[in-house]
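Colleague: This is the structure I want to talk about, given as structure tokens.
The values are calculated or read from the model by the stated rules, or taken from the named source; none is laboratory data. Nothing here was measured: the structure is a model prediction, and the numbers come from that model. Note that each Cβ is placed from the backbone with ideal geometry, even for glycine, and that neighbours are counted across all protein chains shown.
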Ligand code: FAD
């Protein structure tokens, strides 16, 4: 009576509730990862996440292998593939951890119905959130749209319990189902292989996730409350890609924060609140399935966006002429990740200085971020654009020079990612166009040649953006 367990966004053995339940059952176990890029509404992972997924699957396969389980890899629509496999294994049960993106939920609902129709036990378990998004409701009975009351309710709803144990022994089913060779999926980039910077920075897999958490709790996160805004400081946890792939659960992080650690209480609380933002984004997505494609605030449908592919390309490549924006976009390209403050700066620049539709920025992030997720990415883009739930007001427009001076005061971030400005004195680092001819020449910089002149004048662009906003306010 084989039990088939599905892995999807939960590439871990610890606190994997479906796996823990399967282990408890004592039944012979088969495990599969299904790569579904075709079920209706599914958004296939972008390039950076594909790279991550390859390495994470390798790590998961090895971890399962040590317990005697061979991870089967199959590609195809979730429900059909699972059904076919269950039949082939003559499985009596299929277990999985829930997904919360609307197309994932729809596919899993179909899968559950088909399995049960076929007389196969189908059980789903809490997946990758601290709250099940349908449970928390406002006093009026609807979903939350404002973070602060959501966060209050979330903290109250959390029931402390230990994370599910990592199984030490599993009973492997005897089967000969073939697995796709991982390489055949071609998740890794080639022609060109741009992944060197990613490999230098990240260790995909459960062990890498645990290392990050331990280092953060053992002192790496001390001062988080203040340091989390310093662009050149590695003061944040860098757990986001691990969370996105389910190599660690938010519950493991939350309960580690409850247990002994070195983080001062204030830092721990700010960090918890960031996990709360992640939950809020998933709550929004659950209740607004088209979060990535439609303005949450429909007034923004009338916003006069520009179409300018050349400007979009300059932003994508970190060639805007604003050093902090360029450093951030190059950090993204080189490492697959970008500092949160920098994400806000570049998003504000795209939407307000260039007046390009936030969706074009969201798509670029989707393709290039190792932590791109269908909730946090669009929710944060809409937050910056001003069109989102509980969003920053549109008229709060980041000044890229002042942001740079405040959050990268000695220019270390710009120096790291924009080497052509490396020799520019600190006082000009966020506004090279103000440097004297002598300073530029000494630093070997020719503006417009070795480094771009600013592609827009921030003051003028800001005014045009505000005029555009006035139009939708008057029409709305
Ligand atoms: P830490 O500061 O250590 O925070 C811990 C965890 O809290 C993060 O790993 C993340 O899971 C969560 N978190 C922190 N800030 C936020 C936030 N604003 N919204 C939601 N969750 C948060 N985060 C993603 O995980 N995926 C995305 O696709 C994504 N896209 C973004 C796009 C824009 C325009 C902006 C402004 C932010 C985006 N974020 C996204 C949120 C945030 O920038 C990252 O979660 C954070 O930088 C990850 O680094 P960290 O793990 O070191 O964060």
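Residue-wise test of (1) surrounded by 23 or more Cβ atoms within 10 Å (Cβ to Cβ); (2) more than 12 Å from the ligand (Cβ to nearest atom); (3) assigned to a helix (DSSP H, G or I).
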| position | (1), (2), (3) |
| --- | --- |
| 326 | yes, yes, yes |
| 330 | no, yes, yes |
| 342 | yes, no, yes |
| 346 | yes, no, yes |
| 361 | yes, no, yes |
| 370 | yes, no, no |
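Colleague: Looking at residue 268, is it in a helix (DSSP H, G or I) and either without any contact (Cβ under 8 Å) to a residue 40 or more places away in the chain or within 16 Å of the ligand (Cβ to nearest atom) (or both)? So that I can check it myself, show each step before the final result.
Modeller: On the way: in a helix (DSSP H, G or I): yes; either without any contact (Cβ under 8 Å) to a residue 40 or more places away in the chain or within 16 Å of the ligand (Cβ to nearest atom) (or both): yes.
Criteria met by residue 268.
Colleague: Quick check: anything in the stretch 298-317 within 16 Å of the ligand (Cβ to nearest atom), touching a residue at least 12 places away in the same chain (Cβ under 8 Å), buried (at least 19 other Cβ atoms within 10 Å of the Cβ) and not in a helix (DSSP H, G or I)?
Modeller: Scanning the stretch 298-317, I find no residue that is within 16 Å of the ligand (Cβ to nearest atom), touching a residue at least 12 places away in the same chain (Cβ under 8 Å), buried (at least 19 other Cβ atoms within 10 Å of the Cβ) and not in a helix (DSSP H, G or I), so the answer is no.
Colleague: Give me the residue from the stretch 59-77 that is part of a helix (DSSP H, G or I) and in contact with a helix residue (DSSP H, G or I) (Cβ under 9 Å, 6 or more places away or on another chain) and, out of that set, surrounded by the most Cβ atoms within 10 Å (Cβ to Cβ).
Modeller: The initial filter retains those residues of the stretch 59-77 that are part of a helix (DSSP H, G or I), namely 59-66.
Keeping just the survivors that are in contact with a helix residue (DSSP H, G or I) (Cβ under 9 Å, 6 or more places away or on another chain) gives 59-61, 63.
Details: 59: 19, 60: 24, 61: 22, 63: 19.
Filtering the stretch 59-77 for residues that are part of a helix (DSSP H, G or I) and in contact with a helix residue (DSSP H, G or I) (Cβ under 9 Å, 6 or more places away or on another chain), the one surrounded by the most Cβ atoms within 10 Å (Cβ to Cβ) comes out as 60.
Colleague: Just to be sure before I move on: is residue 371 in contact with a strand residue (DSSP E or B) (Cβ under 7 Å, 6 or more places away or on another chain) and in contact (Cβ under 8 Å) with a residue 40 or more places away in the chain in the structure I sent? First the steps, then the outcome.
Modeller: Details: in contact with a strand residue (DSSP E or B) (Cβ under 7 Å, 6 or more places away or on another chain): no; in contact (Cβ under 8 Å) with a residue 40 or more places away in the chain: yes.
So residue 371 does not fit the description; no.
Colleague: Which residues, counting only those in the stretch 89-135, are surrounded by fewer than 18 Cβ atoms within 10 Å (Cβ to Cβ) and under 22 Å from residue 159 (Cβ atoms)?
Modeller: Result: 123, 125, 126, 132, 134, 135.
Colleague: For the stretch 429-476, give me each residue that is under 33 Å from the mean Cα position of the chain (by Cα), in a helix (DSSP H, G or I) and farther than 17 Å from residue 306 by Cβ.
Modeller: Listed by number, the residues that qualify are 432, 459, 473.
Colleague: Here's another thing I want to ask about it. Would you confirm, using the coordinates I've provided, whether residue 263 is outside any loop (DSSP other than H, G, I, E, B) and either at pLDDT below 95 or in contact with a strand residue (DSSP E or B) (Cβ under 8 Å, 6 or more places away or on another chain) (or both)? If you could, list the steps in order and put the result at the bottom.
Modeller: Working: outside any loop (DSSP other than H, G, I, E, B): no; either at pLDDT below 95 or in contact with a strand residue (DSSP E or B) (Cβ under 8 Å, 6 or more places away or on another chain) (or both): yes.
Judged against the criteria, residue 263 is not a match.
Colleague: How about the stretch 15-32: which of its residues are surrounded by fewer than 22 Cβ atoms within 10 Å (Cβ to Cβ) and in a strand (DSSP E or B)?
Modeller: Across the stretch 15-32, there are no qualifying residues.
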